[in-house]
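Written out below as structure tokens is the structure these notes cover.
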Amino acid sequence: MESQKTSEALKWSHPDAELYIPDGQPAEAALKRTTHLGIGAHPDDLEFMAWKGILDCRGNANQWFTGVTVTDGGGYARDAQSAKLSTEEICRIRRGEQNKAAALGEYGAMANLGFTSDEIKSRHPGIQEDLKQILRLAAPKTVFTHNPADKHDTHVALCVAVVEAIRALPAAERPEALYGCEVWRGLDWMPDEQKVAFDVSGEEKFMSSLMAVYASQLRGKRYDSATLGRKHANATYHTSHSSDRCNAMEYAMDLTPLIRNDRLSVQEYATGIVRKFEADVAARIAKYSH
Ligand SMILES: [Zn+2]
């Protein structure tokens, strides 16, 4: 697989960072065609949480998905086989899988930033620099990242970092929409009026093949079947009257208000949605209680 190392115009914070461009376009041109940007913490997050972005762009000459994976995946030895490997070897395998997914998914570009999970959680300033560089060059209309109610600390820390990086852009240069996607915690609980539901039916086979690229992750746990099952369940349980024509649905938390209003805190926004959920549960029980 051909891989394009950092070009003159692009400066990454981490020495191991790499921009992989499946169709071999020059780095800046590849980034500039971006319409949909997915920013995930680990190699595999994008393919599990951002089907909408990947599928909207695949086979579409006018729309391009750019992937950003912030960590090197080294902290995630999930089974005995990978436990025998050095961290360096695990990172190499996981980056290879991520780039293979980018090629199969016809991404416009794939940025592997090479940080550790701890560096995301300790707010390494280089992450802001790299994200801002990508956001400025790619100027995406739509951004997908983790949602702030996820139960994985690294995912939440990255969600906050993405909001901060977008807020560093002038208002006119910001994306039109920011979505927080499901990985380590589904978003079924969200009140429907704040939940974004993307119909991702029809490409389940393709997306399964894309998730299957992550052989190193799927040996220990079948994240691929679980993710497909979650999207089937979302489609069925979204509304009682929804038709069965939608077989796969991806939920996201609409985080756009956070990039429209810089004074709205991520915590206040997310817990406000949790309070709406609480009020919904309380009101329904109260109807049938004395
Ligand atoms: Zn992850």
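Annotations for the structure displayed:
- Taking a ≥ b ≥ c as the square roots of the eigenvalues of the alpha-carbon gyration tensor, segment 151-193 is classed oblate because a/c is 1.5 or more while a/b is no larger than b/c.
- P(r) histogram, all alpha-carbon pairs of the chain included - 10 Å bins from 0, percent: 6, 29, 36, 21, 6, 1, 0, 0
- A straight chain from ASP16 to THR87 at 0.36 nm per residue would run longer than the Cα-Cα distance by 24.2 nm.
- Spatially proximal lysines relative to LYS121 (Cα-Cα < 20 Å; intrachain offsets below 8 disregarded): LYS132, LYS151
- Given +1 at the Cβ of Lys and Arg, -1 at the Cβ of Asp and Glu and no other charges, the dipole of segment 18-287 around its Cα centre is 280 debye to the nearest 20.
- Relative packing of peptides 277-286, 60-69 - highest average C-beta neighbours within 10 Å first: 60-69, 277-286
- Helix 87-104 vs. the chain, principal-axis angle (Cα, 0 to 90°, nearest 10): 70
- Surface/4 of the Cα convex hull for segment 150-233, nm²: 7.5
- Mean Cβ count within 10 Å, highest first, over the residues of peptides 190-201, 246-257: 246-257, 190-201
- Taking only the C-alpha atoms of segment 159-290, the Rg (one decimal) and the largest Cα-Cα distance, Dmax (whole number), read 17.6, 55 Å.
- Helical mean residue ellipticity (222 nm; -39500 (n - 2.57) per DSSP H run of 4+; nearest 500) of the chain: -13000 deg cm²/dmol
- Only protein heavy atoms count here; under a 1.4 Å probe, PHE144 has an accessible surface of about 0 Å².
- Estimated inter-spin distance, ALA61 and GLU193, nm [label 7 Å along Cα→Cβ]: 4.4
The values are calculated or read from the model by the stated rules, or taken from the named source; none is laboratory data. Owing to the predicted nature of the structure, the values given are computational and were not obtained by experimental measurement. For neighbour counting, all protein chains shown are included, and Cβ atoms are generated from backbone atoms with ideal geometry for every residue, glycine included. Accessible surface areas use protein heavy atoms only, side chains included; no ligands, DNA or RNA. Shrake-Rupley method; radii C 1.70, N 1.55, O 1.52, S 1.80 Å.
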